[in-house]
Structures are given as C-alpha cells and as structure tokens.
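The values are calculated or read from the model by the stated rules, or taken from the named source; none is laboratory data. Quantities reported herein were computed from a predicted structural model and do not represent experimental measurements. Virtual Cβ from ideal backbone geometry, glycine too; neighbours counted across all protein chains shown.
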Amino acid sequence: MLAALLNGKPTTATQPTNLFGDGLFETIAIRQGQPCLWTYHLQRLQQGCRRLGYPAPEPDQLLAEAQQLAHPHTQAVLKIVLSIPPVPRGYQRPAEALPNRYLSCLPWPQQPLYQAVDIPIHLQTCQTRLGCQPLLAGIKHLNRLEQILARRELQPPADEGVMCDQQGSVIEGIMSNLLLLDAAGYVTPPVEACGIAGVVRQLMLDMAAQQGIPVRVATQSLAELRQAQAVYVMNSLLGVRPVASLDGLAYASVRLPHFLRQVHQACFELASPV
C-alpha cells in the first residue's frame, strides 16, 4: 500500500525536515477514501505559503496526490508537509529554493479519545506561554517547540493542555482550539497574535453564522475559562469534544449540545474535496 509521496513520487524516506522550522504542515482526517474538510485545509495552507513567501502547491495536483494516498483507507490520517530543503548554514533561504511537498498516510490513532465522541476531555493549565508573532499566527508552521514543551507538562488524567499568551490570556489548547459557553453564549479566543486558526474552529464559526447562532471572538482569562458553564475542544481529528475538567475542577455540562454535535458530524461528513 502506498504510504508517502515526495513531490508526487513514491518514497520510503522519512519526513524531510528543516532545522529552522521553515515549513508548513496540515493534519487531515481521512474518511471513506477522501480527505475531510479539504477546502479549509487548503485555504490555510495557501495562507501559510503567502506568509512564508512560498509558491503555493497547484491545488488540483495536491488534491490528486492526497486522494491517491487516501483512496484505500476507510479511516486514516493524511499529513501534508511543505518544507524548504535544509541549507548548509545560516538563516538565508537561497533565492532559488523551493519547498519539498511531502504527503504521507498514517494509521488512525488508537487511543480511546479518538474512538468515541462522548469521551470527555480533561484539561490542565500549562506554564509554557505562547510568544506573540502576528506574522506566524494562525498558520501551521513547523516550529512547534512551544507545544512540545507544553506537552511535557501534562500529568494524568490530563488529555490536553491550555496555553496562554505572555499576558496570561487563554489562546488555545496544545493541539486544539477552545470554545466556551458562558451566560452570554459561545465565545472562542482570538488567534490573530498567536495560536493556530483551526479548520474545525472555522467550520464552527461558518456554521454558527449560517444558523444565526452568535459566537463571540473575544479574549478570555483563565478565571473566565474556569467559571464557564461548559468548555469544548476542537481539532481535525477529534472533531468537537466536551471538556470534563480543568486542573481538577469539574464542569457542570459534559455533553455536546445539538449545534456542536452538528459541527462534529460535519467534520467527517464533509469528505468531498469541494
């Protein structure tokens, strides 16, 4: 079974890397042989290319390669990596350098968390803070040292960590975006200065606008996160999941309301590339 493509050709090489994190990646759920939320992933990848000064992959070619890897799989994970080949030394990117395009297909995670939508998430506040860099905010660049350090902090029963910016405002999870429910309704933290603009977060915002459900994008403190009526995490493999506790403090509601269950289902029903 074909496992990886490097610039459109089969390869057994491991993922190409750049020592300075000069690259982008996308992690995409595969269902019934199709990449889910393809348009959202492609739009974010294209935005990342503009930010980093890359030529964006040709969309039809990228989709054809993604489908070539995804086709045999009922459920799997597709990885797309664009990365400038390593340079001998220094920070100067050669003018003629073009990013390698690496696609690979991986097994679906076997942890119980990825098997059932009703398994609630336990959160832990991380001491590692996110640096502020609007140029890199929103996109999935390869420099994930902040997330690696934050992940090392987690202790059982925590499944996911909460990351704040340098001012202590809540931004996101280590691998997810956050959504809160308070007395005024739904609210999600902004990601214009740091953090990742998740594809499921964007899907949720689009579906909320279509259905007339107000969702605020507003700065939230840890105190507001702890006092929320309910909290949810979102990413492309988990979909939308309820949060059971933060730092041992239990939330009253650990069920997905109808709207968020619709969003969760749409994450994996939208397997069509258009």
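Show me the strands (runs of 3 or more DSSP E) found entirely inside the range 215-274 where at least 2 residues are buried (at least 18 other Cβ atoms within 10 Å of the Cβ).
Those strands (runs of 3 or more DSSP E) span 230-235, 239-246.
Collect the residues in the range 32-56 that are out of contact with any strand residue (DSSP E or B) (no Cβ under 6 Å at 6 or more places or on another chain), touching a residue at least 60 places away in the same chain (Cβ under 8 Å), closer than 18 Å to Gly198 by Cβ and not in a loop (DSSP other than H, G, I, E, B), keeping them in residue-number order.
Those that are out of contact with any strand residue (DSSP E or B) (no Cβ under 6 Å at 6 or more places or on another chain), touching a residue at least 60 places away in the same chain (Cβ under 8 Å), closer than 18 Å to Gly198 by Cβ and not in a loop (DSSP other than H, G, I, E, B): Trp38, Thr39, Tyr40, Arg44, Gln47, Arg51.
If I go through the range 89-105 residue by residue, how many of them are among the aliphatic types (A, V, I, L, M) and in contact with a Leu (Cβ under 8 Å, 6 or more places away or on another chain)?
1
Going by the conditions given, is Ala116 out of contact with any strand residue (DSSP E or B) (no Cβ under 9 Å at 6 or more places or on another chain) and closer than 30 Å to Ala228 by Cα?
yes
With the condition kept exactly as written, say whether any residue in the range 37-52 is buried (at least 19 other Cβ atoms within 10 Å of the Cβ), outside the structural domain of Arg144 (by TED's automatic domain parsing) and modelled with pLDDT under 95.
no
I'd like the residue in the range 127-167 that is of a type in the set (Gly, Ala, Ser) and part of a strand (DSSP E or B) and, out of all such residues, is surrounded by the most Cβ atoms within 10 Å (Cβ to Cβ).
Gly161
For residues in the range 97-140 being within 22 Å of Glu26 (Cβ to Cβ) and hydroxyl-bearing (Ser, Thr, Tyr), which is nearest to the chain's Cα centre (by Cα)?
In this case the residue turns out to be Tyr114.
For Glu172, are the conditions met, namely being exposed (fewer than 12 other Cβ atoms within 10 Å of the Cβ), within 26 Å of Leu52 (Cα to Cα) and among the acidic types (Asp, Glu)?
No.
Does the range 12-29 include one or more residues that are assigned to a loop (DSSP other than H, G, I, E, B), hydrophobic (A, V, I, L, M, F, W, C), closer than 30 Å to Pro134 by Cα and in contact (Cβ under 8 Å) with a residue 24 or more places away in the chain?
Yes, some residue in the range 12-29 is assigned to a loop (DSSP other than H, G, I, E, B), hydrophobic (A, V, I, L, M, F, W, C), closer than 30 Å to Pro134 by Cα and in contact (Cβ under 8 Å) with a residue 24 or more places away in the chain.
Taking the residues in the range 183-199 that are buried (at least 16 other Cβ atoms within 10 Å of the Cβ) and closer than 14 Å to Lys140 by Cα as candidates, determine which candidate is farthest from the chain's Cα centre (by Cα).
Selected residue: Ala193.
If I ask for residues that are surrounded by fewer than 16 Cβ atoms within 10 Å (Cβ to Cβ) and part of a loop (DSSP other than H, G, I, E, B), which ones from the range 57-88 would you list?
The answer is Glu58, His71, Pro72, Thr74, Pro85, Pro86, Val87, Pro88.
Looking at (1) free of Cβ contacts under 8 Å to residues at least 12 places away in the same chain; (2) outside the structural domain of Pro257 (by TED's automatic domain parsing); (3) not hydroxyl-bearing (Ser, Thr, Tyr), which one does Arg152 not meet, given that it meets all the others?
Only one criterion in (1) free of Cβ contacts under 8 Å to residues at least 12 places away in the same chain; (2) outside the structural domain of Pro257 (by TED's automatic domain parsing); (3) not hydroxyl-bearing (Ser, Thr, Tyr) is unmet by Arg152, namely (2).
Any chance you could count how many residues in the range 95-126 are over 23 Å from Leu246 (Cα atoms), touching a helix residue (DSSP H, G or I) at 6+ places or on another chain (Cβ under 8 Å) and assigned to a strand (DSSP E or B)?
Total meeting the criteria: 4.
If you go through the range 168-208 one residue at a time, how many are in a helix (DSSP H, G or I) and β-branched (Val, Ile, Thr)?
2
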